[in-house]
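Chemist: Please read through the structure below; I'll follow up with questions.
The values are calculated or read from the model by the stated rules, or taken from the named source; none is laboratory data. On a predicted model such as this, the values are computed, not experimentally measured, just so you know. Positions of Cβ are generated from backbone atoms using ideal geometry, with glycine treated the same way; all protein chains shown enter the neighbour counts.
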Amino acid sequence: MVANPAQAAPPKKAPAAPAGRNWNQTVVRTARDSFLLGNPNAPVKLVEYISYTCPHCAHFTQEADAQLRLGFIAPGKGSIEVRNFVRDPIDLTVALLTHCVPPAQFWQTHLMFLTRQDDWIGLEMTASPAQRQRWITGPLASRTRAIASDFKFYDMMASRGVSRTAADRCLADEGLANRLAAGTKDAAEKDYVEGTPAFMINGLPLAGTASWAALKPQLEARIN
């Protein structure tokens, strides 16, 4: 959730977006290593902070993704930017892997990990002490590759056309890992993110909004 320290002015209604184009096919990687789906110039810009090990994030995605893409993204009324809020080593591993595909393939890879979260998250509970130790010991590459192996993430990425060699390169990307950590720190300090999922609309943090039921009317107020 987020805490909004100031009372914002009532939002203005968004102007109508141009018709005739399906913006669901437009994904760009931003300068902050987030991914933006939809019309980059959309009048309503939604930001979602997510953690791949967060069950509430998975639930939100299952409830909201189709509705967001059909009524909000496709006609160009809005865009959604996914930003990582890294909570733990497993989350970091998945975040590195979702950055391992071209932007056009990001959304389906992102959805794969969230919609199948129930299939892999339970492996944490059955891991041995030795496995758990490998996840937190040694250089980044050895830690993330151990997690990817134990959670069968290599198989999941192979289904998206990413070889083990390519996945290993991404899992060793210390520069990206450091930037994601810095982005998480900034989100907490500047955007008042305290947990996931958390949302902003046009730069305004949404207090008490962590579900589709809470977010939907706030989007509708800006696009209708």
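Chemist: Within segment 173-192, how many residues are at pLDDT 95 or above and either surrounded by 16 or more Cβ atoms within 10 Å (Cβ to Cβ) or of a type in the set (A, V, I, L, M) (or both)?
Modeler: 10
Chemist: For a quick check of your reading of the model, give me the residue pairs whose first member lies in segment 163-176 and is on the phi > 0 side of the Ramachandran plot, whose second is part of a helix (DSSP H, G or I) and not polar (S, T, N, Q), with beta-carbon atoms closer than 7 Å and at least 6 apart or on different chains.
Modeler: none
Chemist: Go through segment 109-127 and report how many residues are among the hydroxyl-bearing types (Ser, Thr, Tyr) and closer than 13 Å to residue 157 by Cα.
Modeler: Within segment 109-127, residues that are among the hydroxyl-bearing types (Ser, Thr, Tyr) and closer than 13 Å to residue 157 by Cα number 1.
Chemist: Of the residues 91, 65, 33, only one is in contact (Cβ under 8 Å) with a residue 24 or more places away in the chain, among the acidic types (Asp, Glu), surrounded by 18 or more Cβ atoms within 10 Å (Cβ to Cβ) and closer than 21 Å to residue 166 by Cα; which?
Modeler: 91
Chemist: Right, something else. Considering only segment 99-132, how many residues are farther than 21 Å from residue 215 by Cβ, hydroxyl-bearing (Ser, Thr, Tyr) and surrounded by fewer than 22 Cβ atoms within 10 Å (Cβ to Cβ)?
Modeler: 2
Chemist: Among the residues of segment 25-57, what is the count of those that are at pLDDT 95 or above, in a helix (DSSP H, G or I) and farther than 25 Å from residue 182 by Cβ?
Modeler: Number satisfying all stated conditions: 1.
Chemist: Continuing with the same structure: Given (1) touching a helix residue (DSSP H, G or I) at 6+ places or on another chain (Cβ under 7 Å); (2) crowded, with 16+ Cβ neighbours inside 10 Å; (3) farther than 30 Å from residue 222 by Cβ, identify the lone condition not met by residue 136.
Modeler: In the conditions (1) touching a helix residue (DSSP H, G or I) at 6+ places or on another chain (Cβ under 7 Å); (2) crowded, with 16+ Cβ neighbours inside 10 Å; (3) farther than 30 Å from residue 222 by Cβ, residue 136 misses (2) alone.
Chemist: Given the structure, is residue 224 of a type in the set (S, T, N, Q), modelled with pLDDT under 95, under 25 Å from residue 47 (Cα atoms) and exposed (fewer than 13 other Cβ atoms within 10 Å of the Cβ)?
Modeler: yes
Chemist: Please note which helices (runs of 4 or more DSSP H) are completely contained in segment 72-172 and include at least 2 residues that are polar (S, T, N, Q) and at pLDDT 95 or above.
Modeler: In segment 72-172, 89-98, 103-115, 129-136, 140-150 are the helices (runs of 4 or more DSSP H) which contain 2 or more residues that are polar (S, T, N, Q) and at pLDDT 95 or above.
Chemist: In segment 72-88, which residue that is of a type outside the set (Gly, Ala, Ser) and touching a residue at least 60 places away in the same chain (Cβ under 8 Å) is surrounded by the fewest Cβ atoms within 10 Å (Cβ to Cβ)?
Modeler: Out of the qualifying residues, it is 87.
Chemist: Determine whether residue 151 is crowded, with 17+ Cβ neighbours inside 10 Å and within 17 Å of the chain's Cα centre (by Cα).
Modeler: Judged against the criteria, residue 151 is not a match.
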